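All remarks here apply to the structure that follows.
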Amino acid sequence: MAGPLEQFIIKPIVEGPVDSVAYTNSALWMSVTVVVVTAFMVLGMSRRAMVPGRWQSMSESMYEFVGGLIKENVGDEGRKYFPFIFTLFMFTLFGNMLGLVPGSFTFTSHIIVTLVMATFVFVLVTIVGLLKHGLHFFSFFVPSGAPVWLYPLMIPIEIISYLSRPVSMGVRLFANMMAGHTMLKVFAGFVFGIGTLTFGVGSILPIALMVALTGFEVLVAFLQAYVFTVLTCLYLNDSLHLH
Amino acid sequence: MNKVLKSSLQLTAVTVVSVIGSVSVYAAEAEQQGGMPQLDTSSFSSQIFWLAVTFAALFILMWKVAVPRVGDVIESREQKIRADLERAEQLRVEIAEAEASVEKALSEARSEAQDILRKAQEKIVADHAKKMEKLDADLAVKMTDAEASIEEARKEAMASIREVAQEVAAASIEKLSGKAASKADVTKAVDAAAKGV
């Protein structure tokens with residue numbers, strides 16, 4: 001029987017021209033995410049109805065949810081970044097959700113993916129800050145209101161905390177997704193493990209737990225996509241407005 | 001009771017044993033596989049490459065297709081709501097204006113009616129006064145005429161009374177004395193008597 005970590009193994013589906021860009025199960029589910037998100041948004045809006053139907057309502061509420069997040073956390077200046085933040089949210093949300101489909105692959109459960117995404121956000125947000133404020137951007141690392149003799153201590157702390165942002169952001173998403181999926185797999189193992197020992201009767205408990213855990217994982221999938229997006233908004237807000 | 005307790009204890013024990021068993025089996029398998037697949041650096045380049053490709057594709061699709069589409073629909077809906085509200089407000093103002101003009105016309109009509117009524121009343125009063133005046137004048141003329149004619153009649157009567165008195169006196173003298181009195185004497189005597197009256 002498959003181990004709980006086996007679901008995370010990257011398997012090539014199509015060999016690339018070079019081995020380093022092989023089309024894998026991870027790449028497949030990234031592509032599926034792109035197709036599903038695009039279909040969800042484009043087909044949902046195909047009628048362009050003045051009074052939206054169910055599907056159009058869902059597409060619109062996604063749009064308005066992200067719009068609300070930006071407005072709340074960044075303000076009107078954040079409108080420019082809407083397409084990027086919306087893409088980020090939809091990509092993570094659907095990546096997490098599609099990962100819960102049995103037999104699928106969760107690309108957000110790989111630290112390299114989440115870390116690259118978080119680093120990209122980090123670099124982007126830093127560039128936005130530098131473009132907007134120039135060298136004044138570095139005043140962000142000088143704590144306001146602290147006595148000057150504390151600066152030698154505070155400024156390195158501020159810089160370290162700034163640099164650790166992509167790490168905490170990437171690790172949070174990866175760890176949540178991996179832990180959830182591992183747990184589901186472990187309990188799935190119990191269904192067989194206990195089942196064989198108790199002639200199937202004892203399987204009821206782990207199955208019930210798995211049902212509850214799956215519901216919980218749906219919540220986590222949404223919550224982590226939300227957290228990832230909110231953090232992006234907060235960091236963007238810091239860059240645009242400094243303190 | 002004892003039996004139920006015993007069987008549930010047994011079930012618990014079996015569960016615990018199997019849980020520990022499964023976990024240790026998985027742990028052993030994971031170790032055999034060489035730990036977490038997430039730490040297998042050989043897959044990193046492919047994952048980063050396809051992440052960049054798919055994310056860029058999704059970004060372009062959202063940026064150029066999906067987001068403008070949703071934005072357009074929401075914007076046009078908001079515009080329609082705004083236009084409808086504006087129209088409602090405009091209609092409300094129009095209604096208020098119409099109400100005010102109706103009110104104005106009504107009050108004008110009312111004051112006009114009062115005006116007409118007042119004029120009519122004044123005219124009636126004036127006509128009445130004029131007629132009364134004319135009547136009074138007529139009556140006064142008639143009264144003076146009547147007074148004049150009465151005076152004339154009285155004078156006439158007085159004149160004829162003297163004549164009658166002369167004749168009566170002459171006749172009486174003739175009857176009493178058997179002889180006719182001269183007309184001049186009678187007239188003199190009557191005039192003297194009349195003066196005494």
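Only protein heavy atoms count here, probed at 1.4 Å, and on that basis chains A and B bury about 4500 Å² of accessible area in total. Counts of other chain beta carbons within 10 angstrom of each beta carbon in peptide A:73-86 average 2. When restricted to Cα atoms, the stretch A:6-241 yields an Rg and a Dmax of 21.6, 72 Å, respectively. What are the lysines whose alpha-carbon lies under 29 Å from the alpha-carbon of B:Lys64, with same-chain residues fewer than 8 places away excluded? Leaving aside lysines fewer than 8 places away in the same chain, those within reach of B:Lys64 are A:Lys71, A:Lys80, A:Lys132, B:Lys80.
Given B:Lys155/B:Lys179; B:Lys175/B:Lys195; A:Lys11/A:Lys185, which pairs have Cα atoms separated by over 21 Å? Before the final figure, lay out the partial values.
Values: B:Lys155/B:Lys179 32 Å; B:Lys175/B:Lys195 25 Å; A:Lys11/A:Lys185 19 Å.
As for pairs spanning more than 21 Å Cα to Cα, those are B:Lys155/B:Lys179; B:Lys175/B:Lys195.
Can you give the mean number of other chain Cβ atoms that lie within 10 Å of the Cβ atoms in peptide A:60-67? Spell out each step's value before the answer.
On the way: counts 5, 0, 2, 8, 2, 0, 1, 4.
Other-chain Cβ atoms within 10 Å of each residue's Cβ, averaged: 3.
Projecting label points 7 angstrom from Cα along Cα→Cβ for B:Lys195 and A:Glu6 puts them 18.2 nm apart. Computed from label points 7 Å out along Cα-Cβ, the spacing between A:Lys132 and B:Glu147 is 11.7 nm.
The helix-based estimate of mean residue ellipticity at 222 nm for the protein assembly as shown, built from -39,500 (n - 2.57) per DSSP H run of four or more residues and divided by its residue count, is -28000 deg cm²/dmol to the nearest 500.
Could you tally the net charge around B:Arg82, taking each other residue with its Cβ under 11 Å from the Cβ of B:Arg82, Lys/Arg +1 and Asp/Glu -1? List each step's numbers first, then the result.
Values: positive: B:Arg77, B:Lys80, B:Arg87; negative: B:Glu75, B:Glu78, B:Asp84, B:Glu86, B:Glu89.
Taking every other residue near B:Arg82 into account, the sum is -2.
Peptides B:109-117, A:56-64 ranked from most to least packed by the mean count of surrounding Cβ atoms within 10 Å: A:56-64, B:109-117.
I'd like to check one number: the per residue accessible area of the protein assembly as shown, probe 1.4 Å, reported in Å² as a whole number. Numbers along the way, then the final one.
Working: 26990 Å² over 440 residues.
Computed with neighbouring chains in place, this is 61 Å² per residue.
Computed from the C-beta positions of B:Ile81 and A:Tyr226 and an R0 of 45 Å, the FRET efficiency is 0.95 to the nearest 0.05.
Shown is the FRET efficiency for B:Ser45 and A:Leu153, computed with R0 = 25 Å from the Cβ-Cβ distance and rounded to the nearest 0.05: 0.05. Peptides B:66-76, A:167-177 ranked from most to least packed give A:167-177, B:66-76, packing being the mean of other C-beta atoms within 10 angstrom over each peptide's residues. Here the contact order of chain A, divided by its residue count and restricted to Cα pairs under 8 Å and six or more residues apart, works out to 25 percent. Inter-chain Cβ neighbour count for A:106-118, averaged per residue, equals 4 (cutoff 10 Å, partner chain atoms only).
Here each label is just a point 7 Å from Cα along the line to Cβ, and for A:Ile204 and A:Ser104 those points are 3.2 nm apart. For B:Lys119, give me every one of the aspartates and glutamates with a C-alpha distance below 17 angstrom, ignoring sequence neighbours fewer than eight places off in its own chain. Excluding near neighbours in sequence, the set is B:Glu108, B:Asp127.
With R₀ fixed at 41 Å, the C-beta to C-beta distance from A:Thr196 to B:Ala56 puts the FRET efficiency at about 0.30. Just how much of A:Ile9 is accessible, in Å², when a 1.4 Å probe is used and the result is rounded to the nearest 10? Answer for A:Ile9: close to 50 Å² accessible. Taking 17 Å as the cut-off, the amide N atoms of the stretch A:97-111 that come nearer than this to a point 7 Å along the Cα-to-beta-carbon line of A:Arg172 belong to A:108-111.
Length gained on full extension, B:Ala88 to B:Ser101: 2.7 nm, using 0.36 nm per residue less the C-alpha separation.
The values are calculated or read from the model by the stated rules, or taken from the named source; none is laboratory data. Treat the numbers as computed from the prediction; the structure is a model and nothing was measured. As a convention, Cβ positions derive from the backbone with ideal geometry for all residues, glycine included, and neighbour counts pool all protein chains shown. Accessible surface areas use protein heavy atoms only, side chains included; no ligands, DNA or RNA. Shrake-Rupley method; radii C 1.70, N 1.55, O 1.52, S 1.80 Å.
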